[in-house]
1. Could you tell me how many degrees, from 0 to 90 and to the nearest 10, lie between the Cα long axis of helix 167-178 and the main elongation axis, the longest principal axis, of the Cα atoms of the chain?
2. Which value in nm describes the separation of the simple spin-label points at MET208 and GLU188, placed 7 Å from the Cα toward the beta carbon?
3. Report, to the nearest 10°, how far helix 19-30 tilts away from the longest principal axis of the Cα atoms in the chain, using its own Cα long axis and a range of 0 to 90°.
4. In whole Hz and in residue order, list the ³J(HN,Hα) couplings for the stretch 31-46 that follow from phi through the Karplus curve 6.51 cos²θ - 1.76 cosθ + 1.60, θ = phi - 60°; x for Gly and Pro.
5. Once you have the Cα-Cα distance between ARG36 and LEU177, take 0.36 nm times their residue separation minus that, and quote the gain in nm to one decimal.
6. Do any chymotrypsin sites (Phe, Trp or Tyr not before Pro) in the stretch 131-201 lie in a DSSP loop with no more than 13 other beta carbon atoms within 10 Å, and if so, which?
7. Take the Cα atoms of the stretch 76-205, build their convex hull, and give its volume per residue in Å³.
8. When N counts the residues of the chain, how does its alpha-carbon radius of gyration compare numerically with 2.2 N^0.38 Å, as a ratio?
Amino acid sequence: MWDAVGHLFPLAIAGAVSSVPISATVIILLSANQRRSSIPFTLGLVVGIALVTLLFAVLAQALPLASHRQPQVAVGTFEIVIGLALEILAFIEWRRRPRDHSAPEPRWLRAVGSFGPWSSLAFGFGLAVRPKSILLGAAAGLAIRGADLMGWQYPVAVLFYTLISGSTVVALVVIALSSPVRTRPLLERTRAWIAGNGALVTVLILVMVGAFVLGNGVSRLG
């Protein structure tokens with residue numbers, strides 16, 4: 001189980017510090033729809049992360065697993081593919097990053113503040129199935145498979161990954177709803193910081209987690 005935790009934790013942290021869900025959360029919390037939309041958005045995101053991770057954990061069960069201390073060729077090969085995909089995604093994000101830090105946020109992101117509860121729920125779920133989240137979920141599913149867990153440990157591993165990955169959004173919502181007036185300056189500073197630095201942070205995280213997954217894959221082949 002601890003082997004799974006060691007492989008899942010960096011992946012979950014990469015999901016937790018993802019700039020798009022955090023930006024969307026901040027925008028909702030700064031909007032007039034704060035109370036009626038923030039919780040559905042959070043629920044959609046967390047449920048989406050859990051379902052994506054669970055799906056890949058189930059699919060990974062079809063991969064053959066070698067006996068203890070033997071190379072895990074199938075799992076390792078897929079981890080290498082996902083690691084490379086994360087590095088390619090990092091390159092794409094680097095090329096697409098805004099050159100002008102003073103440029104306004106994308107129109108679709110600014111529109112999040114006008115979403116009602118059901119739209120926020122769907123949007124949160126949609127963020128859990130974007131390319132970066134899918135790749136991280138796939139890597140998490142492979143990590144769970146590679147750890148060769150017992151039956152009850154599978155849902156625990158999925159829950160661990162989900163809770164860590166969604167922790168920043170959950171924390172922001174809980175803090176803001178508990179003390180909306182006091183947290184508003186913090187939310188405004190967070191929004192401004194992400195607007196100026198979010199793209200670079202995303203690229204760095206993708207590069208690091210891609211290298212981590214690649215390393216895991218190569219080590220399983222040895």
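1. Compared with the principal axis, the helix lies near 30 degrees.
2. 3.0
3. The helix 19-30 is inclined about 30 degrees to the chain.
4. Along the stretch 31-46, the couplings run 8, 6, 8, 3, 6, 8, 10, 5, 5, x, 4, 4, 4, x, 5, 5 Hz.
5. Details: separation 141, 0.36 × 141 = 50.76 nm, distance 1.06 nm.
Working it through step by step, the gained length comes to 49.7 nm.
6. Working: sites: TRP152, PHE160, TYR161, TRP193; in loops: TRP152.
When the chymotrypsin sites (Phe, Trp or Tyr not before Pro) of the stretch 131-201 are filtered for loop state and at most 13 Cβ neighbours within 10 Å, TRP152 remain.
7. Numbers: hull volume 17.5 nm³, N = 130.
Hull volume over Cα atoms, normalised by residue count, gives 135 Å³.
8. Values: Rg = 18.2 Å, N = 222, 2.2 N^0.38 = 17.1 Å.
Relative to the 2.2 N^0.38 Å estimate, the chain comes out at 1.06.
Computed from the coordinates by the stated procedures, all read-outs in this text should not be read as laboratory data. Because the structure is predicted, anything quoted here is derived from the model rather than measured. A quick note on method: Cβ atoms are made from the backbone with ideal geometry, for glycine too, and the neighbour counts reach across all protein chains shown.
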